[in-house]
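As structure tokens, the structure follows; a few thoughts come after it.
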Amino acid sequence: MFNLIYLKFNVKKHIKDKSLLLFERILSWCLRISEQDTSVKYEYEILQCIKNNPGGVTITDVSDIKGYSRNTVSKYINILKLKNKIYKKKVGAYSLYFSSEENYLPNSLVLSYYKVLLKGLKNNLPEKGEFFKELIKENASDIKFTFSPKIYKQLKYLKNHPISQFTKIHLEIFKEFYPTYDIFQPDVNISVLNIDPKGKKATYRFRNSVFLKDNNNYIYHLYFMCGLTEGILEKEIKQKVKCKVENYHIGGDKKDSYFDISITID
């Protein structure tokens, strides 16, 4: 675009009248085409960046990945939202953006199959929650999921600092990234019930869970997630982690039900 403006400035010195008018019209048309091409490029590249990070990305993430200014990313994020190509979700302190396109089975269908599996395991293999927790932990590396670049940056930073100084921060970060791998309930509400004075253990309360309504048929999901959490955290922070189902309450509705999970970092 700069070259076209430069051309316009220099050519005006040498042509006059009708020829100049025609030239300006042609050049204006070229400038509009150039602007449209640039707009399409930004929009396409930013959308692809969001698609390539299914765990969600922030505006800063996209800016860092693509090398665009935050203002540019913000502008085209808003355009993509207006076109319903992406959507925003608040995860902890961050606003993450996700692609609206579903190139996979509908979540509701997969969830129904998963619930049948959970119910079958619970009814046929009762009191085996801890067994399944360990099973999932041992195979956590085989489960394919992604964190947002923001979460990876935080974990990388924490790995490079003494755990004795930053354990509490590790525990606080947990509620930020948990929804990125519990794919069946990204809207679960997580609050910190307490963090012990030494910062080694935290207990969280989960509300609005699709697995707790009026029965405990799907309670093994909690143990699955505990095993996955232990596997992920131990891999990322290189410390011994224990995740435990402390308590759960079944209400008449998922909004009235909750479960408590603790995490201890040794």
Q. Picking from 245, 232, 215, whose Cα lies most toward the positive end of the charge dipole for region 215-257 (charges on Cβ: Lys, Arg +1; Asp, Glu -1)?
A. 232
Q | Alpha carbon centroid spacing (whole Å) that separates region 173-199 from region 238-257 | A | 10
Q. Once phi is turned into θ = phi - 60°, what whole-Hz ³J(HN,Hα) does the Karplus curve with 6.51, -1.76 and 1.60 give for every residue of region 107-122, x standing for Gly and Pro?
A. 4, 5, 5, 4, 4, 5, 5, 5, 5, 4, 4, 4, 5, x, 5, 4
Q. Ranked by Cβ crowding within 10 angstrom, fewest neighbours first, how are 62, 110, 241 ordered?
A. 110, 241, 62
Q: Among 248, 97, rank each residue by its count of other Cβ atoms within 10 Å, from fewest to most, as a rough exposure measure.
A: 248, 97
Q: Take each of the peptides 176-183, 216-223, 121-128, 48-55, average the number of other beta-carbon atoms within 10 Å over its residues, and list them starting from the highest.
A: 216-223, 176-183, 48-55, 121-128
Q: Consider a paramagnetic label point 7 Å from the Cα of residue 193 along Cα→Cβ; state which residues of region 243-261 have an amide N under 13 Å from it.
A: 244-250, 258-261
Q | Per-residue HN-Hα couplings for region 52-69 [Karplus 6.51, -1.76, 1.60; θ = phi - 60°; Hz; x = Gly/Pro] | A | 6, 10, x, x, x, 9, 8, 4, 5, 4, 4, 4, 5, 5, 8, x, 8, 5
Q: Please give the contour-minus-distance gain from residue 44 to residue 183: 0.36 nm per residue of separation, less the Cα-Cα distance, rounded to one decimal in nm.
A: 47.4 nm
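Every number in this text was worked out from the coordinates using simple rules, so none of it is lab data. Owing to the predicted nature of the structure, the values given are computational and were not obtained by experimental measurement. All Cβ positions, glycine included, derive from the backbone under ideal geometry; neighbour counts span all protein chains shown.
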